[in-house]
Amino acid sequence: MRVFNILVIGGYGRIGSCICERLVLDETVYHGDKHNIAVMIAGRNDEKAALLAGQLRAKKPEAEIKVVKLDINSPELTRQIAATSANLVIHTAGPFQKQDYRVAKASINAGAHYIDVADASDYVLNIKQLDFASAHDLSIISGAGTSPALFAAVIDQLVCEFKILESIDYGYTPGYSSGRGTARVKSILAGVGRPFTVWRDGDWKKAYGWQQQRVHNYRKAIKFRRLRKRWLANLDVPDMQLFPERYAGVNAVRFGTGIEIGFFHRILWYMSFLSRMRLIWNWRFMGGLINTISCWFNWSGSKVSGLFVEISGEDFQNRPKRLHWALAAGSGHGPYIAAIPAVILARKLAHHEYVPVGAQICTDLVRLDEIMREIKELDIKVEKQSN
Ligand SMILES: NC(=O)c1ccc[n+]([C@@H]2O[C@H](COP(=O)([O-])OP(=O)(O)OC[C@H]3O[C@@H](n4cnc5c(N)ncnc54)[C@H](OP(=O)(O)O)[C@@H]3O)[C@@H](O)[C@H]2O)c1
């Protein structure tokens, strides 16, 4: 049997380790006692990669797992990827803000498909410039995380109940002690106080990262331990540009994210003013330090993450309609949510199921029912309410 080799760059990071675990433990990729995928855990620190490999082998001794030491900034990247015989590269080594397409290009040159979990607008929106990959029958997919992949899948399903769309309000608030990687922290810091455009009142308006503080009450849609009211603030994600066009006719699209502990949430808010005043233009350089300090306070937060989507408009009887959809992830399972679209696509590629070739944004490639199947054995609950 031919083995499908999957190289996960950032494979022992927060999102990468969830991807590796899901792929290794996935029963659908086993045939008898043989595994038809091999997972290669890659990053700059091969000791960390080996540690995760050992933990996964303990759970699934027959799994084929390798460790690869690799730096995405190396001029030898293409050769290194080619040397692994990877059929697919999954790139989670963010932050993606200001990153170029070196990993995607190296994957194409090494003859491998490519999927990333990028949440940076420019990175995701410009991926189409790599469309030459279609000439090599390769799929290049950007944004296979929560934003935009998962939110698009949820909204696609909900908008079917509307004749007229007025607003789409949605967001994500991780549990403070669910674990966050330095790359994720740097990615958020890159947006603090930075201007971007949002679709409000049927027009493009200027907004700033981590401003427009508001509170979302999850209890409107879902009852789950320690998931009640959570702070939200603006953050630039690719969806801000994609969704107004995708859900034509909508008047407003609003995304928010926040920190569960109000005190820390407000610190980022104060930092956003310093960036707006250009006193400190980019906080990203402090990502490692901020993440280390923030971890000291993990005891003060929960392991419960929440996602929500609220859509308002008119139903097919011309009556006002509002839908509340919410997902709650307990036991620190929040980071799996961002990992799942990439896992679904990796499995499709490994099983030779249809995935379009060429460079594309991950908005039409995973459906909500596929995501729901994937999360069913996790501590995750989903509810939908209408009023
Ligand atoms: N689209 C979405 O909705 C979504 C959701 C969540 C997260 N994300 C993004 O996913 C990314 C990863 O987040 P995370 O929480 O998993 O972060 P993380 O835990 O810090 O993981 C990053 C991984 O990348 C590796 N890495 C960093 N620089 C590297 C380099 N030069 N070469 C090779 N490997 C490198 C790191 O290991 P070493 O430093 O040891 O090399 C680490 O394993 C972030 O950019 C985040 O913004 C997107």
Count - residues of the stretch 331-368 that are aliphatic (A, V, I, L, M), away from the ligand (no atom under 16 Å from the Cβ) and out of contact with any Phe, Trp or Tyr (no Cβ under 9 Å at 6 or more places or on another chain): 2
Sole exception among (1) touching a residue at least 60 places away in the same chain (Cβ under 8 Å); (2) outside the structural domain of Ala248 (by TED's automatic domain parsing) for Asp369, by number: (1)
Among (1) farther than 30 Å from Thr197 by Cα; (2) more than 15 Å from the ligand (Cβ to nearest atom); (3) within 21 Å of the chain's Cα centre (by Cα); (4) not acidic (Asp, Glu) - the single one Lys128 does not satisfy: (1)
Of the criteria (1) surrounded by 15 or more Cβ atoms within 10 Å (Cβ to Cβ); (2) not in a loop (DSSP other than H, G, I, E, B), which one Thr28 fails: (1)
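Can you confirm whether the stretch 302-311 contains a residue that is over 28 Å from Pro95 (Cβ atoms) and crowded, with 16+ Cβ neighbours inside 10 Å? Talk me through it step by step, then tell me what you get.
From the stretch 302-311, those over 28 Å from Pro95 (Cβ atoms) are 310-311; that's our starting set.
With the extra rule that they be crowded, with 16+ Cβ neighbours inside 10 Å, the set shrinks to 310-311.
Yes, the stretch 302-311 contains a residue that is over 28 Å from Pro95 (Cβ atoms) and crowded, with 16+ Cβ neighbours inside 10 Å.
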Leading residue by the ranking (farthest from the ligand (Cβ to nearest atom)) among those in the stretch 155-179 that are surrounded by fewer than 21 Cβ atoms within 10 Å (Cβ to Cβ) and under 25 Å from Gly332 (Cα atoms): Asp169
Inter-residue pairs, beta-carbon under 6 Å, first modelled with pLDDT of 95 or more and in the stretch 39-67, second among the β-branched types (Val, Ile, Thr) and assigned to a loop (DSSP other than H, G, I, E, B), 6+ apart: Met40/Thr84
Tally, over the stretch 276-292, of residues that are part of a helix (DSSP H, G or I) and surrounded by 14 or more Cβ atoms within 10 Å (Cβ to Cβ): 6
The listed residue being part of a helix (DSSP H, G or I), more than 21 Å from Asn291 (Cβ to Cβ) and out of contact with any strand residue (DSSP E or B) (no Cβ under 6 Å at 6 or more places or on another chain), out of Phe273, Phe243: Phe273
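Of Ala118, Ala149, Ala133, which residue is part of a helix (DSSP H, G or I), among the aliphatic types (A, V, I, L, M) and modelled with pLDDT of 95 or more? Steps first, please.
On the way: Ala118 fails: part of a helix (DSSP H, G or I); Ala133 fails: modelled with pLDDT of 95 or more.
Selected residue: Ala149, the only one of Ala118, Ala149, Ala133 that is part of a helix (DSSP H, G or I), among the aliphatic types (A, V, I, L, M) and modelled with pLDDT of 95 or more.
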Failed criterion for Ala152 (all others in (1) free of Cβ contacts under 8 Å to residues at least 12 places away in the same chain; (2) within 12 Å of the ligand (Cβ to nearest atom) hold): (1)
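Please go through the stretch 201-216 and give me each residue that is farther than 21 Å from Asp122 by Cβ and surrounded by 13 or more Cβ atoms within 10 Å (Cβ to Cβ), ordered by number. Steps first, answer last, please.
Taking the stretch 201-216 as the starting set, the residues that turn out to be farther than 21 Å from Asp122 by Cβ are 201-203, 212-216.
Selection gives Gln212, Gln213, Arg214, His216.
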Candidates Ala233, Ala190 - the one that is within 13 Å of the ligand (Cβ to nearest atom) and touching a helix residue (DSSP H, G or I) at 6+ places or on another chain (Cβ under 8 Å): Ala190
Count of residues meeting criterion [part of a strand (DSSP E or B) and in contact (Cβ under 8 Å) with a residue 40 or more places away in the chain] in the stretch 219-237: 5
Test for Tyr172: is it touching a residue at least 40 places away in the same chain (Cβ under 8 Å), more than 19 Å from Ile90 (Cα to Cα) and in a strand (DSSP E or B): yes
Considering residues of the stretch 195-223 that are at pLDDT 95 or above and over 24 Å from Gly313 (Cβ atoms) only, the residue farthest from the ligand (Cβ to nearest atom): Lys206
Checking Lys128 against (1) part of a helix (DSSP H, G or I); (2) touching a residue at least 60 places away in the same chain (Cβ under 8 Å); (3) within 21 Å of Arg347 (Cβ to Cβ), the condition it does not meet: (3)
Matching residues in the stretch 80-114 - criterion: being more than 14 Å from the ligand (Cβ to nearest atom), polar (S, T, N, Q) and in a loop (DSSP other than H, G, I, E, B): Ser85, Asn87
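The values are calculated or read from the model by the stated rules, or taken from the named source; none is laboratory data. For clarity, every value in this text was computed on a predicted model and none was experimentally measured. Cβ coordinates were reconstructed from backbone atoms using ideal geometry, including for glycine residues, and neighbour counts include every protein chain displayed.
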